[in-house]
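Since the structure comes first, as C-alpha cells, the remarks are kept for the end.
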Amino acid sequence: MRLSRRALLAATTAAASLTSAPPASAARHRKRTGFENLAASGYERLQGQRVGIVTNPTGVTRDVHHIVDVMHADERVNLGAVFGPEHGFRGTAQAGGSEGRYDDPATGLPVYDTYLKSGQPLADIFTASAVDTIVFDIQDVGARFYTYIWTLYDCMEAAQLAGKRFVVLDRPNPVTGRQAQGPVLHREFATFVGRQPISQAHGMTVAELARLFNGEFLTTPVPLDTVLMTGWRREEFYDAWDLPWVPPSPNMPTPDTALVYSGTCLFEGTNLSEGRGTTRPFELLGAEGLDGRWAAAANELGLPGVHFREAYFAPTFSKFQGKTIGGVQIHVHDRQAYDPVRTGVGLLVTAKRTWSGFAWRSDNWIDRLTGSTRVRTMIDAGASTDEVVAGWRDELRAFRRIRKNYLLYG
C-alpha cells in the first residue's frame, strides 16, 4: 500500500470545523459534534441544496432528538430523503437485516434501503431520490468489520457515480483514535465486513476515514465536505464527551461493548458463542463443554489491562440458544493499557488449547474478519499469541504511515 497522489485532493476538500456559536442545546458544552457545528452555522453548508441523509438511531442531538426530525422541522434545510443502513434508519431490524423502502411515519420522508447495495444500483437510488447532497451521520465503533464504515464507503462511491456532493458529520471514535491495531485486510478477502485494506482497529473517526477512502481507494474521488467536531482529542474515550450512547446496532448496547468488539468479534468465525443473546455481547464468550480452564489459561497470558472470569450463561438467541454454556467474561480494568486485538487472539489461542471441541466456522469466516488466512493457519499450527501478533507487524506499520496523512485531530 502506498500514499496516493489523490491524498492532496482529499486534503484540500476536507473542511475545517465550523467556528460560529453553537445552538442553545450545545452552548454550554466545550465539545461539539459535527452536527452541532453544522446547526451552529445555520446549516450553511447545505444552503440551496436538496439533502438526503444516511443515518440510523445514533444520529441524535445531545438531548436525544433525531437529527432527521430536527432538520425536517427547520425551514433552513430542504430535506428530501433518508437512507437506511443495516438494522434500518429507525433501528427495527436485527443483524443481517434492514427496514426496506417505506415512508417515515414521523416526517413523511421517503426512506430508501442501502443495506448490501453498492455501485451503480446504489447510485440509481440516489438519483431516484432527486437529492443534490448526501449527508452521512452514524456513530462508528472503531472496528474494520463494523459495517457502517463500509456503508460510508459504498455511499461515497455511489454519490460520485450519481454526481452528488457528499458531506460527513463527524462523531467521536468511542474507543479513542490513539493508534491503529491488528492485521490489515488483504484485498482478496474483501467483503461487506471489510471492503479495503485498513487495520482491524483503525483508530480513526468517520470523517478521517472518508478522507482516507477518497484519497486512497475510490477510483474517482467524490466532492467531499467534512464537518468536524470541536474539542475532540485522540486519547479520549466516549465517556469524556457527555453524549448519550445510543446502541448503533442491537448487539452494541454500551461503550464497554465497543471497547472489546474489535477483538472478540473474531469469535463470530468460530463455533463458540460471541455472547449474542445475552446482556453482555462480545464480553461473554463460551460453548458447551467449556469450563474454568479457559479463563485460567487466558489469565496466564498476562495480557495488559484485562482479567478473565469463569462464566456461565444461556443465550436467548443465536448460538446455543436456551442452553447453559461455560466460558469467560472479559473484565477490562485498565482501558489505557488494554489491546483488544491482541486480547482477541489470545482468547482464540487459549480456547483452542483448552477445549477439544474448538472449531472454525466451516466457511472460514475468520479469514474475512482478520483479512487473510494468516491468523487461522498460525493458530492451527500452534503459534503463540505473540507470534500471531508479530505476523502482521510490517503491514500494520505501512498502514499507519498512510493513515497519518488523513488524521484531522491532535
Once you have a ≥ b ≥ c as the square roots of the Cα gyration tensor eigenvalues for region 90-172, tell me rounded if a/c is under 1.5, and otherwise prolate or oblate according to whether a/b is larger than b/c. rounded
Compute the long axis of helix 148-162 from its Cα atoms, compare it with the longest principal axis of the Cα atoms of the chain, and write down the angle in degrees, 0 to 90, nearest 10. 40
Name the residue, out of 33, 191, 55, whose mean-square fluctuation peaks in a Gaussian network model built on the chain with Cα pairs under 10 Å. 191
Ordered by residue, what ³J(HN,Hα) values in Hz, to whole numbers, does region 214-223 give under the Karplus form 6.51 cos²θ - 1.76 cosθ + 1.60, where θ = phi - 60° and Gly and Pro are x? 5, x, 10, 10, 6, 4, 10, x, 8, x
Grab the eigenvalues of the alpha-carbon gyration tensor for region 257-410, scale each by 5, take roots, and send me the semi-axes largest first in whole angstrom. 26, 18, 16
Fraction of antiparallel bridges per DSSP, region 52-141 only, in percent to nearest 5: 25
Starting from the Kirkwood radius over alpha-carbon pairs of region 288-376, derive D by Stokes-Einstein at 4 °C in a medium of 1.567 mPa s and give it in µm² s⁻¹. 91
What ³J(HN,Hα) values, in whole Hz, does the Karplus curve 6.51 cos²θ - 1.76 cosθ + 1.60 give for region 42-51 when θ = phi - 60°, with x put for Gly and Pro? x, 6, 3, 6, 10, 4, x, 10, 8, 10
Measuring from centroid to centroid over Cα atoms, what is the spacing of region 322-349 and region 189-255 in Å? 23
Restricting to the chain, compute how many DSSP beta bridges are antiparallel as a %, nearest 5. 50
Along Cα→Cβ, 7 Å out, is where each label goes; now give me the distance between the ones at residue 291 and residue 130 in nm to one decimal. 6.9
Nearest-0.05 FRET efficiency for residue 387 and residue 309, computed from C-beta distance (R0 25 Å): 0.40
So, for the Cα atoms of region 312-361, Rg and Dmax in Å stand at 13.3, 36
If amide H atoms are modeled at 1.01 Å from N in the peptide plane, then the residues at a separation of 5 or more from residue 144, or on another chain, having amide H under 5 Å from its own are 201, 202
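Express the carbon and sulfur contribution to the solvent-accessible surface of the chain as a percent, rounded to the nearest whole number, probe 1.4 angstrom.
Taking all protein chains in place, the chain shows 49 percent carbon and sulfur surface.
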Mind sorting out which of (i) 21.1, 64; (ii) 23.8, 82; (iii) 20.0, 60 is the real Rg and Dmax of the Cα atoms in Å computed from the coordinates? (i)
Restraint check, 117/319; 117/323; 319/352, Cα-Cα greater than 25 Å: 117/319; 117/323
From the helices alone, meaning DSSP H stretches of at least four residues, give me the mean residue ellipticity at 222 nm for the chain, per-run term -39500 (n - 2.57), in deg cm²/dmol to the nearest 500. -8000 deg cm²/dmol
Could you tell me the extents of region 78-120's C-alpha atoms along the three principal axes, largest first, rounded to whole Å? 29, 26, 13
To the nearest whole percent, what portion of all C-alpha pairs in region 198-281 is separated by more than 23 angstrom? 41
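The values are calculated or read from the model by the stated rules, or taken from the named source; none is laboratory data. Owing to the predicted nature of the structure, the values given are computational and were not obtained by experimental measurement. As a convention, Cβ positions derive from the backbone with ideal geometry for all residues, glycine included, and neighbour counts pool all protein chains shown. Surface accessibility is based on the protein's heavy atoms, side chains included, excluding ligands, DNA and RNA. Shrake-Rupley method; radii C 1.70, N 1.55, O 1.52, S 1.80 Å.
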